[in-house]
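What follows is a set of notes on a single structure, which appears directly below.
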Amino acid sequence: MSPELRDKMTRISAELGDLGVDPFGFDPETTKFAAVPLEWLYTHYFRVQTFGLENVPEHGRVLLIANHSGQLPFDGMMIGAALIVDKDPPRVVRSMVEKWVPRLPFVSVLMARVGQIVGTPDNCRRLLGREEAILVFPEGARGISKTFDKRYQLERFGTGFLRLALETGTPIVPVAVVGAEEQAPSLYNLRSLAKLLGVPAFPVTPTFPLLGPMGLWPLPTRYRIYFGEPLRFPGRGDEEDEVVEAQVEEVRSAVQHLLERGLAERKSIFS
Amino acid sequence: MVTEQDKPSDPPRPSFPSRPRRDVVLVSGGAGRLGRLVVQTLHREREVVAVDRRPIHGLPKDVTHVRTDLRWRAIEDIFRRYNVEAILHLGLIHNPRAEDDQYRFNVLGTQHLLDLAAKHRVPKLVMLSSANIYGPHPDNSLFLTEDAPLLGAENFPNIRDLVAADRIVQSFFYRQPDVETVMLRPVHIVGPRVKNAPANYLRLERPWTVMGFDPMLQLIHEEDAVHALLQALRPGVRGVFNVVGPGEAPLSRILSTLGRRPIPLPAPLVRGTLERAFRLRMTNFPAPEIRHIQYNCVVDGSLARRVLGFEPQYGLIETIRSVLGHEE
């Protein structure tokens, strides 16, 4: 671990209980170990470039709303790493993970210890109440499992995050990840097989399932992560769907604009 | 019994007309380990009548023991003989084997007690339910509030009577606004005396764990649970409350605090083996209970802190270590 990262990890604040974890299961000590491979992926593998990181407030509640892609959630990990490696003071981002993740052995424990939480509205509300930074992928599984021909086209956004933002008076920072779409180009999603296996998607990529599970390992594309200016909306969260959907559309188009900017600025997928 | 409530005045009471009836607190389930602890604390302040169908050992001398089944008519005599100021209902059977008539005992016994409370205008009723009735589920929010759905019996049908009893008391709460009803749903109660599944599990030298899972658990010391029950007895308090001890911790850290060396096994293997061992009566841990060491069932105790004023006296480490103590 680099001395800078070590220093930042010690500056991460958390309200810990007597046994070293916070009430949600976040453990800074375990997170230190996880930070080592994460930093390697961040600086050496995906060689992440960030833009507009100053748009993420240093303190206080904030919702990061990002596009979701790449079959496996490396995009979430890299956004989390960006806020620690490249931001000063560092911030721990807690992402709202899919409801089936706690069913997975080992993964469930690792997720909890590094501060990730099941994406229920109650959990989100509670964390915002503790002035935390929350990462939400409103496209959910629809986004991450989309096929290569749909790359950088945003799927439908859910409205839950916006109602929570209105209810809790939380600013929304739109986030775009460019580069994750090409890490595992999915040619086809075998939906029936996915259903049979009880997983959200079964992608067919040039390397998966051909090379076995390792075929899901991402290609070393270069990530560019854009953080947009914070958006604030008036309202209390109990408005009609029509009103909220219009506001969701504003967030969605903010993410879309950042994506287009990123695609225009990058010269090649791998550099 | 609803019509009874509408009558304009007390029915005439022919028995014991001359001497005034003494004020008592009725404690059902007084023979249980927690029940005895409650009685031993409560009798210093109030006169206690303990009801249980089991014999009660080690009761203080000034406590009256009525040995009867909660469903029987004999129990009404207590209401005729004494002025029952409050009922503490701790008398639910939590037997993993659900033998004989546990379902009927818990549901009909609770119903009978509530009917008598309404009929004899008992001003206060405190029921001990459990946070287990929410059930451990992978998609649970952390910190379930009191209005979370009671899904505990979905994967563990043997506790459906406990869920039913909880619901009976909830509806009583609304049907009988004159009775101050309090329901407590404490997290796993542990301590030197109690011998329930979580306390027994923590007493194992080499407990099984489910490989790759490490949920957050909440424990409360038995004396803190008693303390919460006594606070619920205070006049003016009503409602449903989760009761949480000194915080939450991952199972693995609780076990290491106790110096245990757990044996992690894959989930299907634990389940299969436990099912067989349970049938052969080699263990009293029912297989569905392993979900408690696999998924979260973490509740929010802030309402009890705010309204009941409940604060646990025992710290997290003390509470965990309390299972090591021996019964006096």
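The values are calculated or read from the model by the stated rules, or taken from the named source; none is laboratory data. As the structure is a prediction and not an experimental result, all values here were calculated from the model. Cβ atoms come from the backbone with ideal geometry, glycine included; neighbour counts cover every protein chain shown. Quick note on the areas: whole protein, heavy atoms, side chains included, nothing else; ligands and nucleic acids left out. Shrake-Rupley method; radii C 1.70, N 1.55, O 1.52, S 1.80 Å.
General observations
- Counting only residues that are open to solvent by less than 20 Å² (accessible area, probe 1.4 Å) and at negative phi, the range B:190-208 holds 5 of them.
- Verdict on A:Arg236 being modelled with pLDDT of 95 or more and over 17 Å from A:Thr50 (Cβ atoms): no
- Residue in the range B:228-241 that is within 15 Å of the chain's Cα centre (by Cα) and either within 14 Å of chain A (Cβ to nearest Cβ) or hydroxyl-bearing (Ser, Thr, Tyr) (or both) present: no
- The range B:233-264, subset under 10 Å from B:Ile320 (Cβ atoms) and of a type in the set (A, V, I, L, M, F, W, C), residue most open to solvent (accessible area, probe 1.4 Å): B:Leu258
- Selection of the range B:299-328 for residues being within 17 Å of B:Glu223 (Cβ to Cβ), open to solvent by 30 Å² or more (accessible area, probe 1.4 Å) and within 14 Å of chain A (Cβ to nearest Cβ) yields B:Pro312, B:Tyr314, B:Ile317, B:Glu318, B:Arg321.
- Per the listing A:Pro200, A:Pro209, A:Pro171, A:Pro213, the residue uniquely within 30 Å of A:Leu128 (Cα to Cα) and open to solvent by 60 Å² or more (accessible area, probe 1.4 Å) is A:Pro200.
- Among (1) at pLDDT below 95; (2) within 17 Å of A:Leu53 (Cα to Cα), the one test that A:Leu231 misses: (1)
- A count restricted to the range A:115-125 and to residues that are outside any helix (DSSP H, G or I) and more than 8 Å from every other protein chain (Cβ to nearest Cβ) stands at 3.
- Helices (runs of 4 or more DSSP H) contained entirely in the range A:126-229, each with at least 3 residues that are free of Cβ contacts under 8 Å to residues at least 40 places away in the same chain, farther than 30 Å from A:Glu58 by Cα and among the hydrophobic types (A, V, I, L, M, F, W, C): A:191-197
- Here the range A:99-114 is the region considered, the condition is being outside any loop (DSSP other than H, G, I, E, B) and more than 7 Å from every other protein chain (Cβ to nearest Cβ), and the residue that is nearest to the chain's Cα centre (by Cα) is A:Met111.
- The set of residues from the range A:248-271 being closer than 15 Å to A:Gly160 by Cα and open to solvent by less than 20 Å² (accessible area, probe 1.4 Å) comprises A:Val248, A:Val251.
- Total residues in the range B:242-254, condition within 11 Å of chain A (Cβ to nearest Cβ) and more than 18 Å from A:Leu110 (Cβ to Cβ): 5
- Single residue of the range B:153-189 satisfying the filter (within 21 Å of B:Leu70 (Cβ to Cβ) and polar (S, T, N, Q)) that is surrounded by the most Cβ atoms within 10 Å (Cβ to Cβ): B:Thr181
- Checked against the criteria, A:His59 does not count as surrounded by fewer than 19 Cβ atoms within 10 Å (Cβ to Cβ), out of contact with any strand residue (DSSP E or B) (no Cβ under 9 Å at 6 or more places or on another chain) and free of Cβ contacts under 8 Å to residues at least 60 places away in the same chain.
- Qualifying residue in the range A:95-102 (condition: within 24 Å of A:Pro57 (Cα to Cα), buried (at least 19 other Cβ atoms within 10 Å of the Cβ) and in contact with a Phe, Trp or Tyr (Cβ under 6 Å, 6 or more places away or on another chain)): no
- Sub-7 Å Cβ pairs linking a first residue in the range A:3-26 that is within 11 Å of chain B (Cβ to nearest Cβ) and under 22 Å from B:Asn140 (Cα atoms) to a second residue that is open to solvent by 90 Å² or more (accessible area, probe 1.4 Å) and at pLDDT below 90, at least 6 apart or interchain, are A:Asp22/A:Glu15, ordered by first then second residue.
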